[in-house]
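The values are calculated or read from the model by the stated rules, or taken from the named source; none is laboratory data. In this text the structure is predicted, and so the values were computed from the model without any measurement. Note that we place each Cβ from the backbone using ideal geometry, even for glycine, and neighbour counts take in every protein chain shown.
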Amino acid sequence: MNEIKVKCLGCGSLEKGDFCGGCHTILPIDHDEVDFFQLFDLEPRPALDRELLDQRFLELSRKLHPDRHTAEGSDLRLKVLSISAELNHGYRILADTKERVRYLVGKVTDQEPAEAKQVPPEMMELFFEVHDLMGEADAYLKQRKPAASRIEAALSMSDSGRRELRERINALRQRGNETVARVEQEITQLDAAWDDSAERPRILERLSRLADVLSYMGRLRGSLDDKELKLEM
Amino acid sequence: MAYSDKVLDHYNNPRNMGSFGKEEDGVGTGIVGAPECGDVMKLQVKINDDGIIEDAKFKTFGCGSAIASSSLATEWLKGRTVDQALAIKNTDIVEELNLPPVKIHCSVLAEDAIKAAVNDFLNRSGKPTQAVGDGSAS
């Protein structure tokens, strides 16, 4: 346990072992105060080195997994459990671009990112195409009779109506992926200008909008996946 | 969570789904979204020379409550004047559809869509508009 080197989540001081030298106690973690970038020793900025995050997550998890500390005193076990929970939560946030960007904007501006009611123009067209395709798929599903036998089900696999719908779903999913890739690319570009403080407000505003686009794209993809699944059944 | 019968009815039989050409005379288009849940709502009104809403259409990408809220909104809009349309409050929709607290934002989205559509019409016909999404909706 003495080898554990993590940042004390209680007082925020660095590299303490099993006890915090800064506050001389085992403090319960203040979950509002945990900084996930700090926890993984990563710089708080738009772009993220995913391999480094994964590596740090594995290292820390290995050291802090509650199962490795079953023989410790109950206070310490609780602390480990608590840090372990933060690790998992933090990893989920940082590994997801939308969540990470929102988290970063929230940290830097000290407030929840404002959501725009205006739909990002770059996804408007895609949204209506998905909407119409979902309607067509619903109409197809409604008229389709349940297969009376396995042979009938197997035959319906090659049903041209269904095949066409699936192809169109895939095409739209592909366009969604391209939109997400463009967003990721722009985040990398914004990252390059991140250290320029004059650019900071513009970057933060843009990051919020890009997070919105990712949120909408997640919704679109969910609908496409869901409909595809229904077509498979 | 169980949807109310009215929500289910609108969800299964949406009224006025579709769209008008954006550039058509008398048409106002409002597109609003809720980034948190990813819902997007497009609502259109067709307003005649007397300032009466003759027809309304919607396309909503979202949960059952969002679809029901916009479907209901288009029903209510028909036959109303511009001012009466702007007077529709999200709380009216909540009450009619019996929406649970977690779905109230769907009704807010519908109210915003109505305002956006009517204001688009006013804009295009050169009349003064009213603020959209000013936070007064609750």
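Among what's in the range B:1-38 and is surrounded by fewer than 13 Cβ atoms within 10 Å (Cβ to Cβ) and of a type in the set (A, V, I, L, M, F, W, C), pick the residue that is modelled with the lowest pLDDT. Ranking the candidates gives B:Met1 first. If you take the residues of the range A:173-214 that are closer than 21 Å to A:Pro44 by Cα and among the small types (Gly, Ala, Ser), which of them is farthest from the chain's Cα centre (by Cα)? Selected residue: A:Ala198.
State which residue is nearest to A:Gly106 (Cα to Cα) when the search covers only the range A:181-226 and only residues that are within 14 Å of chain B (Cβ to nearest Cβ) and acidic (Asp, Glu). If we take residues in the range A:181-226 being within 14 Å of chain B (Cβ to nearest Cβ) and acidic (Asp, Glu), then A:Glu205 is nearest to A:Gly106 (Cα to Cα). Among the residues of the range A:146-159, not a single one is within 20 Å of the chain's Cα centre (by Cα) and in contact (Cβ under 8 Å) with a residue 12 or more places away in the chain.
Identify the residue in the range B:32-82 that is part of a strand (DSSP E or B) and farther than 26 Å from A:Glu129 by Cβ and, among all such residues, is farthest from the other protein chains (Cβ to nearest Cβ). Once the filter is applied, the top-ranked residue is B:Ile52.
Among residues belonging to the range A:83-108 that are acidic (Asp, Glu) and closer than 17 Å to A:Gln55 by Cα, point out the one that is surrounded by the fewest Cβ atoms within 10 Å (Cβ to Cβ). Outline the logic, then answer.
Here is the first cut: in the range A:83-108, the residues acidic (Asp, Glu) are A:86, A:96, A:99.
Now narrow it down to the ones that are closer than 17 Å to A:Gln55 by Cα: A:86, A:96.
On the way: A:Glu86: 19, A:Asp96: 14.
Checking each candidate, the answer is A:Asp96.
A:Ser149 satisfies every condition listed in (1) in contact with a Gly (Cβ under 9 Å, 6 or more places away or on another chain); (2) polar (S, T, N, Q); (3) over 30 Å from A:Leu48 (Cα atoms) except (1).
Yes or no, residue by residue, for (1) under 22 Å from B:Gly64 (Cβ atoms); (2) part of a loop (DSSP other than H, G, I, E, B); (3) among the charged types (D, E, K, R); (4) more than 20 Å from the chain's Cα centre (by Cα):
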position: A:Glu99; (1), (2), (3), (4): no, no, yes, no
position: A:Pro113; (1), (2), (3), (4): no, yes, no, no
position: A:Glu125; (1), (2), (3), (4): no, no, yes, yes
position: A:Phe128; (1), (2), (3), (4): yes, no, no, yes
position: A:His131; (1), (2), (3), (4): yes, no, no, yes
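Taking the numbered list (1) at pLDDT 95 or above; (2) more than 18 Å from the chain's Cα centre (by Cα); (3) part of a helix (DSSP H, G or I) in turn, A:Leu231 passes all entries but (1). Close contacts from the range A:102-120, counting a first residue that is more than 10 Å from every other protein chain (Cβ to nearest Cβ) and over 23 Å from B:Ala113 (Cβ atoms) and a second that is exposed (fewer than 15 other Cβ atoms within 10 Å of the Cβ) and at pLDDT below 80, with Cβ to Cβ under 8 Å and a gap of 6+ residues or different chains, come to A:Gly106/A:Glu112.
Are there any pairs, at least 6 apart or on different chains, whose C-beta atoms fall under 9 Å, with the first in the range A:34-45 and not assigned by TED's automatic domain parsing to the domain that holds A:Trp194 and the second basic (Lys, Arg) and assigned to a loop (DSSP other than H, G, I, E, B), and if so, which? Once the first residue is not assigned by TED's automatic domain parsing to the domain that holds A:Trp194 and sits in the range A:34-45, its partners that are basic (Lys, Arg) and assigned to a loop (DSSP other than H, G, I, E, B) give A:Asp35/A:Lys7; A:Phe37/A:Arg45; A:Gln38/A:Lys7; A:Leu39/A:Lys7; A:Asp41/A:Lys7. Of everything in the range A:169-197, what is surrounded by 15 or more Cβ atoms within 10 Å (Cβ to Cβ), part of a helix (DSSP H, G or I) and among the hydrophobic types (A, V, I, L, M, F, W, C)? Give them in sequence order. Listed by number, the residues that qualify are A:Ile169, A:Leu172, A:Val180, A:Val183, A:Ile187, A:Leu190.
Matching residues to (1) surrounded by 11 or more Cβ atoms within 10 Å (Cβ to Cβ); (2) within 14 Å of another protein chain (Cβ to nearest Cβ):
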residue	(1), (2)
A:Leu126	yes, yes
A:His131	yes, yes
A:Gly135	yes, yes
A:Leu141	yes, yes
A:Arg144	yes, no
A:Ser149	no, no
A:Asp159	yes, no
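For the range A:170-184, the criterion of a residue being assigned by TED's automatic domain parsing to the domain that holds A:Glu129, touching a Lys or Arg at 6+ places or on another chain (Cβ under 6 Å) and among the aliphatic types (A, V, I, L, M) is satisfied by no position. Residues in the range B:12-31 that are over 15 Å from the mean Cα position of the chain (by Cα) and within 11 Å of another protein chain (Cβ to nearest Cβ): B:Asn12 only.
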